[in-house]
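Student: Let me begin by handing over the structure; questions about it come next.
Only the coordinates and a few stated rules stand behind these numbers; no lab work does. Here the structure is a predicted model, which means the values were calculated and not measured. When we count neighbours, we look across all protein chains shown, and the Cβ atoms used for this are built from the backbone with ideal geometry, even at glycine.
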């Protein structure tokens, strides 16, 4: 419905990655119709969420912990194809199969208090008024680049994982990879074959685990992250509590010294880096595989943050505003969590809207 150019729905879903599509699927199953009962807004040019921006050399068989969307398995995916292609095609087929009608590319600039207890969602295609919001904007749009003394003096390149397009960009270079997550290890394994030299630097010693990343491990990781957001603290990534999954390629790389980690350096010079004990290392490129932060700037008008810097949640529901659910944030940032919390968010939204529509006794 539209009044004076503003379109009205019960639920707005912002983001169409795994979390957003999970929420949209469960809204559809609960009886809401696309563009009438709910709308899905996505800023990306096509289906695939953040996966569509992954580097071409990240083939699907290298993906850590990708799980099916609810209601439609990803069957027979070719492991040697780029994950961006595989997941993009899968998400596109999923949107078509369930008629989710994702609006894209649409930029959501702000969500603020509207009239009549509704939320006003301001976007590049006009305003939407919603009774509830599922925010599923993920982290890809906010790469985290830590600051170190002397960083601005470095004469080489300083790309981030968000800029990474494959090992060919580093041929013949001395490369320092900074970061202790899966992406850092994947970059190292690729770059080591073409670079003149590589060096791995992390703030904390990496922890490797053997065996598959199964559903039990996923649930344990989600529970640890959930504890932080229940107290209004910024979430750690789920990967940071699961450790790094050891495989044969990583064992070989460790045997060759590629995964010999050094502690974090103290400062950066024009030619490289310096540690507190005076040791130095020259570099042509410092690759920051230092992760991402939640892309939540559009929610700032709602003042959802706690004194601890995070947004306090019960499940996916924001404690300060029960109309708002964050899916793909904190405990639901994994693909397992996104599916489970998408379903739970819709269940809670349905109860909320039924209560608000009920006549007073």
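Student: With n ≥ 4 as the cut-off for DSSP H runs, can you work out [θ] at 222 nm for the chain, using -39500 (n - 2.57) per run divided by the number of residues, rounded to the nearest 500?
Tutor: -8000 deg cm²/dmol
Student: For 210, 122, what ranking results if the residue with the fewest other Cβ atoms within 10 Å of its Cβ goes first?
Tutor: The fewest-first ordering by Cβ neighbours comes to 210, 122.
Student: Pick out which of 268, 134, 191 has the largest mean-square fluctuation in a Gaussian network model of the chain, springs linking Cα atoms closer than 10 Å.
Tutor: 268
Student: Something else: Looking at the chain only, what percent of DSSP beta bridges run antiparallel? Nearest 5 please.
Tutor: So the antiparallel bridges in the chain amount to around 45 percent.
Student: Specify the residue with the greatest mean-square fluctuation among 299, 155, 259, computed from a Gaussian network of the chain linking alpha-carbon atoms under 10 Å apart.
Tutor: Its mean-square fluctuation being the largest, the pick is 155.
Student: Between residue 171 and residue 279, what's the calculated FRET efficiency when r is the beta-carbon distance and R0 is 25 Å? Round to 0.05.
Tutor: FRET efficiency, residue 171 to residue 279: 0.45.
Student: Give me 265, 53 ranked fewest to most by other Cβ atoms within 10 Å of their Cβ, as a rough exposure proxy.
Tutor: Taking fewest neighbouring Cβ atoms as first place, the list is 53, 265.
Student: Convex hull volume of the Cα atoms in region 36-101, per residue, in Å³?
Tutor: Convex hull of Cα atoms, per residue: 93 Å³.
Student: Hey, how much of the P(r) for the chain falls beyond 40 Å, as a percent of Cα pairs?
Tutor: 18
Student: Per 0.36 nm of contour for each residue apart, how much would the distance between residue 351 and residue 112 grow if the chain were fully extended, relative to their Cα-Cα spacing?
Tutor: Using 0.36 nm per residue and subtracting the Cα-Cα distance, I get 83.8 nm.
Student: How far apart, in nm, are two points set 7 Å out from the Cα along the Cα-to-Cβ line at residue 142 and at residue 29?
Tutor: 2.9
Student: Follow-up. Find the Cα radius of gyration of region 63-133, compare it with 2.2 N^0.38 Å by division, and give the number to two decimals.
Tutor: Rounded to two decimals, the normalised Rg is 1.52.
Student: Let me ask something additional. Report the Stokes-Einstein translational diffusion coefficient (µm² s⁻¹, integer) for region 1-71, Rh taken as the Kirkwood radius over Cα pairs, at 37 °C with viscosity 0.692 mPa s.
Tutor: Once the numbers are plugged in, D ends up at 235 µm²/s.
Student: According to a simple spin-label model (label point 7 Å from Cα along Cα-to-Cβ), what is the distance in nm between residue 194 and residue 236?
Tutor: 3.4
Student: Please label the shape of region 25-65 as rounded, prolate or oblate, based on the square roots a ≥ b ≥ c of the eigenvalues of the alpha-carbon gyration tensor (a/c under 1.5 means rounded; beyond that, a/b larger than b/c means prolate, else oblate).
Tutor: Judged from the Cα gyration tensor, region 25-65 comes out oblate (a/c at least 1.5, b/c at or above a/b).
Student: Gaussian network model of the chain, Cα springs within a sub-10 Å range: biggest mean-square fluctuation belongs to which of 26, 325, 209?
Tutor: 209
Student: Run the simple label-point estimate for residue 151 and residue 53 please: 7 Å along Cα→C-beta, distance reported in nm.
Tutor: Between residue 151 and residue 53, the label points sit 1.8 nm apart.
Student: Moving on to the next point. I'd like the distance separating the alpha-carbon centroids of region 290-346 and region 136-209, in whole Å.
Tutor: Centre-to-centre distance over Cα atoms comes out at 27 Å.
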